[in-house]
Structures are given as C-alpha cells and as structure tokens.
Amino acid sequence: MASKTGSTPATYSPSPATHKKKRIPIADVDWVRPDSRGFYQCRPAYLRTGAVSPAAGSAYAEFGNTKVIVSVFGPRESKKAMMYSDTGRLNCDVSYTTFATPNRGQGSDKKELSSMLHKALEGAIILESFPKTCVDVFALVLESGGSDLPVVISCASLALADAGILLYDLVASVSVSCVGKNLVIDPVSEEESYNDGSLMITCMPSRNQVTQLIVDGEWSTPKIHDAMELCLGACSKLGEVMRSCLKDVVTDLKE
Amino acid sequence: MRMKKKMTPEMVGLSVGEKNFIKGGIAQDLRNDGRKRLTYRPIYVETGVIPQANGSARVKLGETDVIASVKAELGKPRVSHPDQGKVYIYVECSPTAEPSFERRGGDELSTELSIALERSLLGGKSGAGAGINPASLLIKEGKVCWDLYVDCLVISSDGNLLDALGAAIKAALSNTGIPRVQVREAASSDEQADVDVSDEEFLQFDTSGVPVIVTLTKVGRHYIVDATSEEESLMSSAVSISVNRHGMICGLTKRGGAGLDPSVILDMISVAKHVSEQLLNKLDSEIEAAERANEEEP
C-alpha cells in the first residue's frame, strides 16, 4: 500500500468527518471525474499474487481506492455435498470489512455479490479436473472505492491461477457507468451512486467470450453497443496486465 | 376431469433421444408444443386476487403460475436519498411448485429472481429508467414516504419464471391503489410528522413506464423465447432483457455459466426488442380485460 509522504505532526488531531459536497450530474454538462481521469481511462491496477501464505492461492488487487484480497482453498473435501458428483464444486463468498465503506457496516447488505462471483467464475473453471472435491474462493473487500465487483472477479481469477486450478482462460471484468450524458469507465463510488445506468462485463479475453453481463438503468441499443465495445477493449488490456503479473512471479523464482 | 400425471425433467431427466428431438425441433423452428421459436404461450391475467393487499395479480403462462402482491406502508426515506420512497421486491418459491423448494431449497432461486426483478424494475441509482419512480412515493421530504413491498409467490413452475413474474408485477401495479395522505404539520419540528391516511380516496399507479422482461434461452445455435422447463434443462445460457414501451433497455441479466460471444448478445438484444413489442401489447390488453372483469363484478 502506498505510504504517505510529508511532515509528520507532533500530535495527531483527527480532522472532522468531511461531508464532501455531493455533486449531482447535470444533464447537459460534461461530468468532471473526481480523480481527473479521462472518461475512457481506467484506474492504474496494482496486482500481486501470493498475499496469503496458508492458502492454496491468493491475490491482492488495488485499483485506486478499491482494495480487495482473495484467497483460494482447494481442491479439498467439500463439507456440504454428500452426493457424488463427477464435476468439482465451486463455493464463493464475498464479504466486506466493517471499515470498507465511509459509513460503518454498509457493506453487509451486499450479499448478492457472492452469487454473482460464482456465476462469473464457473464458466472459466474446468470443473471436470477436480471431481468429488470443492474449491473455496473467499474474497474480502478491504476498502470499497467504486467498481467493487469487477475488481473482486479479476482478483479472484488471478488467485485461482495462483492456486494452480485449471482454467479455460483468465477472467477479466470491467464496468462502465452512464453519468449524465457521458459514459465513464471504471467508476468510483461517487460516480456509481449517481449513475443513470451501469453495465458490467466479465469476459475471457483470449477466447473473446462473455461469461457474465449485468445491465441496469436505461439504455438505448447504440449506447449498449458503445459500452460493450469499451468494456471488451478494457478487459483485454486488463487480461494482459494480469498475465504479466503471473509471469513476474515465475521470473522472480527463476532468478 | 383431466387425469394428468406429469413426470417433470427434474424428477426423471431427459433421455439422450428426447434431448436430440427437442434440439433438432428448435433448429427447424418447431418446438414440442407446436410453437415457433419466438412465440409466447397463452398469457392469462387476473387482477385483484388478494383483497388485503393494495394491489395484486395472478399470471399464468402455460403451466407457470405466479402471484404478485403489492403492499404500501408508511416509512422513513433513506438518509442518502431523502427525496425518494423505497421499493422492495421479494420472490418466494413455494414447495407446491417443486418439492426441492421446501425450507431453504428454494432460497438460491428466490434470491436470483428477486435481484433480477429489482434490477429490471428499479433502474439506475439515480432512478433513471425506473419502472416505478421512487420519487412519486414521497410524502414529506426526509420524513415520511411510502415503502412499497412487492411480494411474489411461485405456485407452479414450468419454465420462464422471470417473464411471468415481470408480467405479474406489472399487472399488480396497475391494480394498486395507494391511499391519499394529508400531512398534518407537527407542533414541534421533530422526527415524527403526523399523516392522515384516507380510507376512501385512492391514487392509481401509472404503469406505462413499467418494462416487460423477455428471456431468450440459447439452445444449440438458436434462441427461443418462453422456454418450458424441459427446454430450460437443455440450455447453454440465457439472457433476460427488460425493455420498456419506448424501446429502451432497462436491465439485462445473463444466466447460465457458459460463455457467449459479444455479437450473439447484441443480436439477442435486438431480437428481444422486437419480441417485447408484441408482448407489451398483449399484456396491456390482458390487464385491461382483467380490470374490466373486476369492475363488472358486483
């Protein structure tokens, strides 16, 4: 995590909780992004595998203010299923720390993220390679800075690769928000809370296949075309970043 | 008297021959019950089935039978959005539909359906594209608002639950009457604000903006609309698209784990828009007929 530079004060007095003025997007004026990015510019991605040593595989991802850690355990004996199955089972759980959101405990009502993560990953894992057993994926959101689910999905597929689970392809995920009349990619939480619509794509870049697509809000067909094209382009770039992160680990070991 | 003993695919499973028969038929635009790929089963709508609710409807799509009820209660707006009311959509899968739904068995399906419905009907975070405009549920900014609880029950399931639930919610909303309220100014400006809830006057909901959900199921290389549970057991993936009267896409959910080519998804969107027009017209006329039948009753 980035360290703060600057003079260290002798005593620490906490600054009052600043209620930042919420800017509501106006219909005809171009939206200015809080972190002065371009509309089609994603946040710089910091990805690292091997964050949790007891786990079979793990990854840590930091996209701007969104920080996620994912650990993968397995293939191991599944406690739930008593029935024989000739394909493996995937079990996903996404949870928020209580300090992840500006108001304490806000993340506890995001329970559907676990099933969304499951749907995004099950298309990419070769389940036949570990019959009768199950693979557990546990994701923890340390800080929620917007675009949480896409970061969780990308980090989880990196952790699965780190664990050595056989995958058809890495899964990269990006979301786009429609704020006023602009399409902004990789939104921060401020942009997400005022969007007119959001689109999240999860895809396997090398196979050019979409494993999950979630759209809400109001969209016209040409807008959906544009948004999908944007996302798919960003996904393939993110896929390359993920691949280079995995390769770095191997080259470090060789040295 | 009809004696029908149905062995559902969930009970016995389809044989390889049956699967190939269905797939081959779909490839030739002929399904098991004689429909074409893009034809819906006959829709039957009945409104006002639950007298204690503010609005209710029952929709039968072939053998799929669902009930939706709308209850409005007074509540307090959220701190983050003081100018909006709240809408909660909850689906329950009853064990009468499937023995496996008993107790916790139907939970996963229920949550999936509830989330997909909330996404289609409540629009973006700012409220754009919402079928139910939360701002219309406001009584006093920051103090009192209507909480709308939309509860759906799946009585019998023969595939395509999402479309049937979407239709049932639309019909229930057109049947909903919200009591008129008068705000009495409180003496002290504290949290409580007194409201007079009228027993006589009711305000009807405007449901022209409520979208309809079209689920396209991909079997082999073709898409079918309104799949029965047999056809659903063969699907590789399904995309549920919610389209409103103006042809705008109000929500999209992809179900099923298999990967889909992006061009296929865009094609599905245009097919869904085309099919949704006919479905919207059919549904509106059925709802009108049901409301008229209600009024004619003594």
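Taking the range B:163-181, which residues are surrounded by 24 or more Cβ atoms within 10 Å (Cβ to Cβ) and touching a Leu at 6+ places or on another chain (Cβ under 8 Å)?
If the condition is that a residue be surrounded by 24 or more Cβ atoms within 10 Å (Cβ to Cβ) and touching a Leu at 6+ places or on another chain (Cβ under 8 Å), then B:Asp163, B:Ala164, B:Leu165, B:Gly166, B:Ala167, B:Ile169, B:Lys170, B:Ala171 are the ones that fit.
Look at A:Lys247 and say whether it is in a helix (DSSP H, G or I) and either more than 10 Å from chain B (Cβ to nearest Cβ) or buried (at least 23 other Cβ atoms within 10 Å of the Cβ) (or both).
So A:Lys247 passes the test.
For the range B:198-254, which residues satisfy the criterion of being in a loop (DSSP other than H, G, I, E, B) and polar (S, T, N, Q)?
Passing the criteria: B:Thr207, B:Ser208, B:Thr228, B:Ser233, B:Ser236, B:Asn244.
Check A:Asp162 against each of (1) in contact with a Pro (Cβ under 8 Å, 6 or more places away or on another chain); (2) at negative phi and name the one condition it does not meet.
Result: A:Asp162 passes all but (1).
Residue by residue through the range A:92-103, note down the ones that are of a type outside the set (S, T, N, Q) and either within 14 Å of chain B (Cβ to nearest Cβ) or not in a loop (DSSP other than H, G, I, E, B) (or both).
Correct list: A:Cys92, A:Asp93, A:Val94, A:Tyr96, A:Pro102.
State yes or no: is B:Thr228 of a type in the set (Val, Ile, Thr) and at pLDDT 80 or above? Before you say what the answer is, go through the steps one by one.
Numbers: of a type in the set (Val, Ile, Thr): yes; at pLDDT 80 or above: yes.
Answer is yes for this residue.
Kindly establish whether B:Glu141 is without any contact (Cβ under 8 Å) to a residue 40 or more places away in the chain, more than 11 Å from chain A (Cβ to nearest Cβ) and out of contact with any Leu (no Cβ under 9 Å at 6 or more places or on another chain).
no
Please list, ordered by first then second residue, the pairs with beta carbon atoms under 9 Å, 6 or more apart or interchain, first in the range B:265-282 and within 12 Å of chain A (Cβ to nearest Cβ), second of a type in the set (S, T, N, Q) and in a helix (DSSP H, G or I).
Matching pairs, first to second residue: B:Leu266/A:Thr221; B:Ile269/A:Thr221; B:Ser270/A:Thr221; B:Lys273/A:Thr221.
In this structure, does B:Gly159 turn out to be at pLDDT 80 or above, assigned to a loop (DSSP other than H, G, I, E, B) and crowded, with 19+ Cβ neighbours inside 10 Å?
yes
Residue check: is B:Gly257 at the interface with another protein chain (Cβ under 8 Å from one of its Cβ atoms) and at positive phi?
no
Working carefully through the options A:Ala51, A:Ala59, A:Ala45, find the one that is at pLDDT 90 or above, more than 30 Å from B:Pro82 (Cβ to Cβ) and surrounded by 12 or more Cβ atoms within 10 Å (Cβ to Cβ).
Checking each option against the conditions leaves just A:Ala59.
Mind counting the residues in the range B:118-138 that are of a type outside the set (Asp, Glu), within 12 Å of chain A (Cβ to nearest Cβ) and outside any loop (DSSP other than H, G, I, E, B)?
4
Could you tell me whether B:Lys23 is more than 26 Å from B:Leu280 (Cα to Cα) and surrounded by fewer than 17 Cβ atoms within 10 Å (Cβ to Cβ)?
Yes, satisfied.
When you go through B:Arg41, B:Arg2 one by one, which is the residue that is assigned to a loop (DSSP other than H, G, I, E, B) and modelled with pLDDT of 90 or more?
Answer to the selection: B:Arg41.
Which number in (1) in contact with a Ser or Thr (Cβ under 9 Å, 6 or more places away or on another chain); (2) at pLDDT below 85; (3) surrounded by 16 or more Cβ atoms within 10 Å (Cβ to Cβ) marks the one condition that B:Ala193 misses?
Answer for B:Ala193: the failing condition is (1).
Scan the range A:183-203 residue by residue and report those that are within 29 Å of B:His274 (Cβ to Cβ) and not hydroxyl-bearing (Ser, Thr, Tyr).
Going through the range A:183-203, the residues within 29 Å of B:His274 (Cβ to Cβ) turn out to be A:183, A:195-203.
Within the range A:183-203, A:Leu183, A:Asn195, A:Asp196, A:Gly197, A:Leu199, A:Met200, A:Ile201, A:Cys203 qualify.
Of everything in the range A:155-204, what is among the acidic types (Asp, Glu), within 19 Å of A:Leu232 (Cα to Cα) and at the interface with chain B (Cβ under 10 Å from one of its Cβ atoms)? Give them in sequence order.
Scanning the range A:155-204 gives a single hit, A:Asp169.
Can you say whether B:Ile115 is modelled with pLDDT of 85 or more and within 11 Å of another protein chain (Cβ to nearest Cβ), as far as the supplied structure shows?
On the way: modelled with pLDDT of 85 or more: yes; within 11 Å of another protein chain (Cβ to nearest Cβ): yes.
The answer is yes for B:Ile115.
Identify all residues within the range B:81-137 that are farther than 13 Å from A:Glu112 by Cβ and of a type in the set (D, E, K, R); write none if there are none.
Those that are farther than 13 Å from A:Glu112 by Cβ and of a type in the set (D, E, K, R): B:Asp83, B:Lys86, B:Glu92, B:Glu98, B:Glu102, B:Arg103, B:Arg104, B:Lys125.
Anything in the range B:237-254 that is among the hydroxyl-bearing types (Ser, Thr, Tyr) and facing another protein chain (nearest Cβ under 10 Å)? List them, or say none.
Within the range B:237-254, the subset among the hydroxyl-bearing types (Ser, Thr, Tyr) is B:237, B:240, B:242, B:253.
Passing the criteria: B:Ser237, B:Ser242, B:Thr253.
For the range B:27-81, give me each residue that is charged (D, E, K, R) and touching an Asp or Glu at 6+ places or on another chain (Cβ under 9 Å).
We begin by selecting, within the range B:27-81, every residue charged (D, E, K, R); these are B:29, B:31, B:33, B:35-37, B:41, B:46, B:58, B:60, B:63, B:65, B:71, B:73, B:76, B:78.
Hits for the range B:27-81 are B:Arg31, B:Arg35, B:Lys36, B:Arg37, B:Arg41, B:Arg58, B:Lys60, B:Glu63, B:Asp65, B:Lys71, B:Glu73, B:Lys76.
Can you pull out the residues in the range A:170-214 that are among the basic types (Lys, Arg) and either touching a Ser or Thr at 6+ places or on another chain (Cβ under 7 Å) or part of a helix (DSSP H, G or I) (or both)?
none
Which residue is farthest from B:Ser156 (Cα to Cα), if the candidates are limited to the range B:229-264 and must be of a type in the set (S, T, N, Q) and touching a residue at least 40 places away in the same chain (Cβ under 8 Å)? Before the answer, list the steps.
Going through the range B:229-264, the residues of a type in the set (S, T, N, Q) turn out to be B:229, B:233, B:236-237, B:240, B:242, B:244, B:253, B:263.
Applying the additional criterion that residues be touching a residue at least 40 places away in the same chain (Cβ under 8 Å) yields B:229, B:233, B:240, B:242, B:244, B:253.
Details: B:Ser229: 11, B:Ser233: 17, B:Ser240: 20, B:Ser242: 23, B:Asn244: 27, B:Thr253: 23 Å.
Applying the filter and picking the extreme gives B:Asn244.
If we scan the range B:100-107, do we find a residue that is away from chain A (no Cβ under 14 Å), in contact (Cβ under 8 Å) with a residue 40 or more places away in the chain and among the basic types (Lys, Arg)?
No, the range B:100-107 contains no residue that is away from chain A (no Cβ under 14 Å), in contact (Cβ under 8 Å) with a residue 40 or more places away in the chain and among the basic types (Lys, Arg).
Which count do you get for residues in the range A:104-126 that are farther than 16 Å from B:Leu113 by Cα, touching a Phe, Trp or Tyr at 6+ places or on another chain (Cβ under 9 Å) and more than 10 Å from chain B (Cβ to nearest Cβ)?
The total comes to 4.
The values are calculated or read from the model by the stated rules, or taken from the named source; none is laboratory data. Note that the structure is a prediction, hence the values are computed from the model and not measured. Neighbour counts are summed over all protein chains in view; Cβ atoms, including those assigned to glycine, are modelled from backbone coordinates with ideal geometry.
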